[in-house]
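Take a look at this one; I'll ask things after.
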Amino acid sequence: MLSNPVVEVSNVTLQYKTPDHLVTATYRISCNVHKGDRYVILGPSGCGKSTLLKAVGGFIRPVTGTISVAGREVSEPGPDRMMVFQEFEQLMPWKSVLQNVTFPMLAAGKFSRADAREKALSAIEKVNLTKFKDVYPHMLSGGMKMRVAIARALAMEPDVLLMDEPFAALDALTRRKMQEELLSLWEQHRFTMLFVTHSIDEAIVVGSRILILSPHPGRVRAELDATKLGFADIGTRKFGELSHRIHGLLFEDVNSSTTLAASN
Amino acid sequence: MTIQHEFPSKMERPDQQFTLVDATAVGEVQRRLPLAERLINQDFTRRAGIIVVLLLIWELYARWVDNPLLFPTFSDTLQVFIRDLADGTLLERTRTSLRPLLLGYIGGLGLAAILTSLAVSSRIGADILTTLTSMFNPLPAIAVLPLALIWFGLGTPSMVFVIIHSVLWAVSLSTLTGFRSVPETLRLSGRNFGLRGLRYIGQILIPAAFPAILAGLKIGWAFAWRTLVAAEMVFGVSSRSGGLGWYIFEARSELDTARVFAGLLTVIIIGLFVEAVIFRVVEARTVQKWGMQR
């Protein structure tokens with residue numbers, strides 16, 4: 001029934017080096033992301049969720065196991081997996097909003113100049129920034145910068161959109177608005193996304209599948225379905241039950257993981 | 001510790017809602033500042049003001065000292081300056097100086113570009129550059145001059161060599177510092193777009209590090225001038241057409257102090273022009289427009 005997965009992570013162990021230590025971030029993780037999934041990786045600080053996302057992005061090579069995107073094994077970063085980061089510095093300060101959106105399209109040589117401009121303008125319109133298309137990033141608010149980053153990633157039409165806690169640096173009201181906007185963009189385009197968060201509520205609202213990782217090193221704890229739950233269900237019994245269940249899975253045997261933000 | 005509300009009943013107050021106060025008395029909400037204030041807000045006017053004050057102090061002090069051999073007045077200096085400018089001497093000297101200056105400056109920048117590119121591409125490249133920089137940056141250009149004379153003889157090549165020496169290390173150092181302070185997220189974004197090698201350096205690192213690179217270019221330019229004028233004083237003697245350094249040196253040996261000042265004034269004017277016009281325009285169009293520097 002299901003077609004081939006867009007992202008296949010099989011048996012992936014990730015390690016990185018600090019000057020003094022070799023740190024194992026994730027251990028033997030396997031998961032499949034299908035076309036149109038809003039796949040959320042949820043876990044406490046230090047479970048290697050961001051490291052896993054960076055590995056899918058091609059920035060870190062797995063020690064064991066393989067990651068493939070659209071059938072091709074990931075070996076280096078590339079524009080078929082556009083990333084949206086948490087930090088606002090991801091925009092090039094020397095380029096206007098429009099130039100920022102066209103930059104990767106032209107750099108990758110995937111689109112002609114006219115084509116890139118047209119697609120960029122339409123992406124900017126979708127995130128309601130048409131009025132600001134010629135403005136430089138330093139004049140935008142945090143939420144607007146994040147919208148530009150999302151528009152830039154979507155305009156590339158990547159196989160998968162990788163989002164690394166994209167709304168964590170925003171204030172609560174803006175975060176909520178951005179989550180709604182992201183979901184409405186998804187309704188229109190049905191892109192595949194891999195979304196990392198440490199907020200249970202955000203995971204349930206944004207995600208259609210939720211992968212729960214355990215801390216130190218990150219291992220798969222569960223993969224849950226959250227297709228039917230969205231903003232409208234916050235405060236309902238079903239939402240509460242799922243939230244409670246996830247909370248249980250995360251804290252079951254690790255009492256010290258108090259760093260996890262249980263709500264946004 | 002919990003906060004205790006001692007008089008909860010007294011903290012409750014009724015809701016309040018107001019009709020807006022009439023604000024027409026303010027006049028225009030956005031009003032143009034008076035002309036004087038706008039002028040003072042201009043960098044150019046303020047700096048020009050400082051220069052005028054300095055010139056006034058010079059003139060008054062020199063008149064008070066009243067010793068043209070030690071300290072000529074600004075008006076005397078200006079007279080000599082205008083006379084030498086009119087008969088073409090100063091222009092000729094400046095032109096002679098500018099040739100090795102530009103050759104050395106551009107050569108230094110080119111080498112700095114190559115070395116820093118290697119330094120950001122590999123760890124060993126970075127080690128080589130930092131070691132070389134810490135070895136040669138403290139070495140004054142004048143100390144290398146005798147060696148240059150042995151290798152290249154009297155003339156432009158020696159001059160260019162010492163200027164490259166003084167520009168290269170200063171510019172490399174600030175460029176490398178700039179490259180290293182590029183935010184990690186920006187680097188990751190660039191690599192995410194599939195940029196690698198020279199395209200990555202040219203399209204991500206250089207613009208992102210531009211404030212530091214620009215500072216390096218300014219320092220390099222100042223170093224190039226210092227080295228040039230100093231080198232000319234040492235061996236301008238035997239070359240037929242000396243530059244500005246030789247002009248100053250010659251005037252000193254003739255005890256023509258006003259002309260020494262005129263030579264120094266020329267160097268200062270060129271420095272001011274490059275700083276206040278060329279670098280200023282570049283700054284306004286790049287780092288200031290991008291909000292990377294105020």
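Residue by residue through region A:97-112, note down the ones that are out of contact with any Leu (no Cβ under 7 Å at 6 or more places or on another chain), of a type in the set (S, T, N, Q) and part of a helix (DSSP H, G or I).
A:Gln99, A:Thr102, listed by residue number.
Considering only helices (runs of 4 or more DSSP H) fully contained in region B:193-289, which possess at least 1 residues that are more than 14 Å from chain A (Cβ to nearest Cβ), among the aromatic types (Phe, Trp, Tyr) and within 19 Å of B:Thr96 (Cβ to Cβ)?
Per the criteria, B:210-235, B:244-253, B:257-273.
Report yes if some residue within region A:133-147 is facing chain B (nearest Cβ under 9 Å), crowded, with 22+ Cβ neighbours inside 10 Å and part of a helix (DSSP H, G or I); otherwise report no.
Yes - at least one qualifying residue is present in region A:133-147.
Yes/no per residue for (1) hydroxyl-bearing (Ser, Thr, Tyr); (2) at positive phi; (3) away from chain B (no Cβ under 13 Å):
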position	(1), (2), (3)
A:Ala70	no, yes, yes
A:Glu73	no, no, yes
A:Glu76	no, no, no
A:Met82	no, no, no
A:Glu87	no, no, no
A:Thr102	yes, no, no
A:Ser112	yes, no, yes
A:Asp115	no, no, yes
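Helices (runs of 4 or more DSSP H) wholly in region B:42-124 with at least 3 residues that are loosely packed, with under 15 Cβ neighbours inside 10 Å and among the aromatic types (Phe, Trp, Tyr) - which ones?
Correct list: B:43-65.
Mind checking which pairs have a first residue in region A:123-150 that is over 15 Å from A:Pro166 (Cα atoms) and a second that is of a type in the set (S, T, N, Q) and in a helix (DSSP H, G or I), Cβ under 6 Å, 6 or more apart or different chains?
Short answer, once both residue conditions are applied: A:Ile124/A:Thr130.
Is it the case, given these coordinates, that B:Ser189 is modelled with pLDDT of 90 or more, closer than 21 Å to B:Pro140 by Cβ, polar (S, T, N, Q) and crowded, with 21+ Cβ neighbours inside 10 Å?
no
Could you list all residues from region B:174-192 that are over 23 Å from A:Val74 (Cα atoms) and either without any contact (Cβ under 8 Å) to a residue 12 or more places away in the chain or at the interface with chain A (Cβ under 8 Å from one of its Cβ atoms) (or both)?
Across region B:174-192, the qualifying residues are B:Arg180, B:Pro183.
In the set A:Leu140, A:Leu185, A:Leu121, which member is at pLDDT 85 or above, over 13 Å from the mean Cα position of the chain (by Cα) and under 17 Å from A:Thr102 (Cα atoms)?
Selected residue: A:Leu121, the only one of A:Leu140, A:Leu185, A:Leu121 that is at pLDDT 85 or above, over 13 Å from the mean Cα position of the chain (by Cα) and under 17 Å from A:Thr102 (Cα atoms).
Give me the residue from region A:68-81 that is at pLDDT below 90 and not in a loop (DSSP other than H, G, I, E, B) and, out of that set, surrounded by the most Cβ atoms within 10 Å (Cβ to Cβ).
Ranking the candidates gives A:Val69 first.
All but one of (1) modelled with pLDDT of 90 or more; (2) out of contact with any helix residue (DSSP H, G or I) (no Cβ under 6 Å at 6 or more places or on another chain) hold for B:Glu59, so report the exception by its number.
Here B:Glu59 meets the rest and fails (2).
Residues that are assigned to a helix (DSSP H, G or I), in contact with a Phe, Trp or Tyr (Cβ under 9 Å, 6 or more places away or on another chain) and touching a residue at least 40 places away in the same chain (Cβ under 8 Å): does region A:38-51 have at least one?
The answer is yes; a qualifying residue exists.
Looking at this structure, is A:Val97 of a type outside the set (Phe, Trp, Tyr), over 15 Å from the mean Cα position of the chain (by Cα), more than 24 Å from B:Arg187 (Cβ to Cβ) and crowded, with 21+ Cβ neighbours inside 10 Å?
When the stated conditions are applied, A:Val97 does not pass them.
Return the residues of region B:49-64 that are more than 25 Å from the chain's Cα centre (by Cα), hydrophobic (A, V, I, L, M, F, W, C) and over 16 Å from B:Ala262 (Cα atoms); say none if nothing qualifies.
Hits for region B:49-64 are B:Leu56, B:Ile57, B:Leu60, B:Trp64.
Checking the condition β-branched (Val, Ile, Thr), out of contact with any Asp or Glu (no Cβ under 6 Å at 6 or more places or on another chain) and closer than 14 Å to A:Asp37 by Cβ, which residue from A:Ile200, A:Ile210, A:Ile204, A:Ile234 passes?
A:Ile210
Now for a separate question. Would you confirm whether or not region B:240-254 contains a residue that is in contact (Cβ under 8 Å) with a residue 40 or more places away in the chain, among the acidic types (Asp, Glu) and surrounded by fewer than 21 Cβ atoms within 10 Å (Cβ to Cβ)?
No, region B:240-254 contains no residue that is in contact (Cβ under 8 Å) with a residue 40 or more places away in the chain, among the acidic types (Asp, Glu) and surrounded by fewer than 21 Cβ atoms within 10 Å (Cβ to Cβ).
The values are calculated or read from the model by the stated rules, or taken from the named source; none is laboratory data. All values reported here derive from a predicted model rather than from experimental measurement. Cβ: placed from backbone, ideal geometry, glycine included. Neighbour counts: every protein chain shown.
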